[in-house]
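The values are calculated or read from the model by the stated rules, or taken from the named source; none is laboratory data. These figures come from a predicted structure and were not determined experimentally. All Cβ positions, glycine included, derive from the backbone under ideal geometry; neighbour counts span all protein chains shown.
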Amino acid sequence: MNDLIGRVFSFEKSTFPASGELFAKLSSQGQNPKALMISCADSRVVPEQILQAQPGDLFVCRNAGNIVPPYSTMNGGVSSTVEYAVMALGVRDIIVCGHSDCGAMKALSNPEGLDKMPNVAAWLRHGTAAEHIVSACSGHLHGKDRARAIALENVIAQLSHLRTHPSVAAAIARGEMALHGWFVDIGEGQVLGLDGTTNKFVPLREDQPLPVALPATRRIDNETYLAEAAE
Ligand SMILES: [Zn+2]
């Protein structure tokens, strides 16, 4: 048997019994995850490990390139997961997480290899803006540096798409949603976070304020539209 698949028996015999109390609670009370993480499907980036999350802690959506299609362009897994996380589970933090050495970002950088993968090519069109930004503003970058730059810009692009989803847009307006843009450097074991005030990615440091792409700030209250109408 495939060695990995055989490890399921270890879950049944050891892992589950060792967390019996937790699973009993989750089973009887349901889930109440503290965040939604949209990350790449890459096997080297494990959201639960990065956040040291236990079962029940983290709602996760993974796909090639940590893409969030803009609302209305397609009814798919990502849109449904976002809507459910926000509307049904009341998630108030969403993290879009890219990473180094990303195959999807390399494909965006150099699309010739996608000829025989029409679905991947169509999916990655949602990241085209990232490639265009890097080509237009940092045309001197090549190879790994260019793919890394596209990965960073792709996180920003997908955060913008996320804001087109009505559930997210309304939560932001109410001041009940913070958006985070992260980038995991696999080789360095380091996580960068997008600071929305400087638009730069900076290392997350325990002794410093967490860089946030869009902090939770209430934009609309009962007076907002009245005041505008009175002017
Ligand atoms: Zn990837």
Inset, instruction - Quickly run through region 53-78 and pick out the residues that are over 17 Å from ALA122 (Cβ atoms), of a type outside the set (A, V, I, L, M, F, W, C) and either touching an Asp or Glu at 6+ places or on another chain (Cβ under 6 Å) or part of a strand (DSSP E or B) (or both). - result: ARG62
Legend entry - Hits in region 1-50 - residues which are under 26 Å from GLY189 (Cα atoms), modelled with pLDDT of 95 or more and among the hydrophobic types (A, V, I, L, M, F, W, C): ALA35, LEU36, MET37, ILE38, CYS40, ALA41, VAL45, VAL46, ILE50
Inset, instruction - May I ask you to list pairs of residues, at least six apart or on different chains, whose Cβ atoms are under 8 Å apart, with the first in region 25-46 being among the acidic types (Asp, Glu) and the second being within 14 Å of the ligand (Cβ to nearest atom) and in a loop (DSSP other than H, G, I, E, B)? - result: ASP42/CYS102
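Is at least one residue of region 101-109 under 22 Å from ALA213 (Cα atoms) and either touching a residue at least 40 places away in the same chain (Cβ under 8 Å) or of a type in the set (S, T, N, Q) (or both)?
Taking region 101-109 first, the residues under 22 Å from ALA213 (Cα atoms) are 102, 105.
Filter once more, so that each one left must be either touching a residue at least 40 places away in the same chain (Cβ under 8 Å) or of a type in the set (S, T, N, Q) (or both): 102, 105.
Yes.
Is it the case that GLY56 is at pLDDT below 95 and either within 16 Å of the ligand (Cβ to nearest atom) or on the phi > 0 side of the Ramachandran plot (or both)?
Considered against the rule, which asks whether it is at pLDDT below 95 and either within 16 Å of the ligand (Cβ to nearest atom) or on the phi > 0 side of the Ramachandran plot (or both), GLY56 comes out as no.
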Inset, instruction - Those residues that are in contact with a Ser or Thr (Cβ under 8 Å, 6 or more places away or on another chain), touching a residue at least 60 places away in the same chain (Cβ under 8 Å) and surrounded by fewer than 20 Cβ atoms within 10 Å (Cβ to Cβ), I need them from region 139-187; list them, please. - result: THR164, ASP185, ILE186, GLY187
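Taking the residues in region 95-113 that are modelled with pLDDT of 95 or more and among the polar types (S, T, N, Q) as candidates, determine which candidate is nearest to the ligand (Cβ to nearest atom).
If we take residues in region 95-113 being modelled with pLDDT of 95 or more and among the polar types (S, T, N, Q), then SER100 is nearest to the ligand (Cβ to nearest atom).
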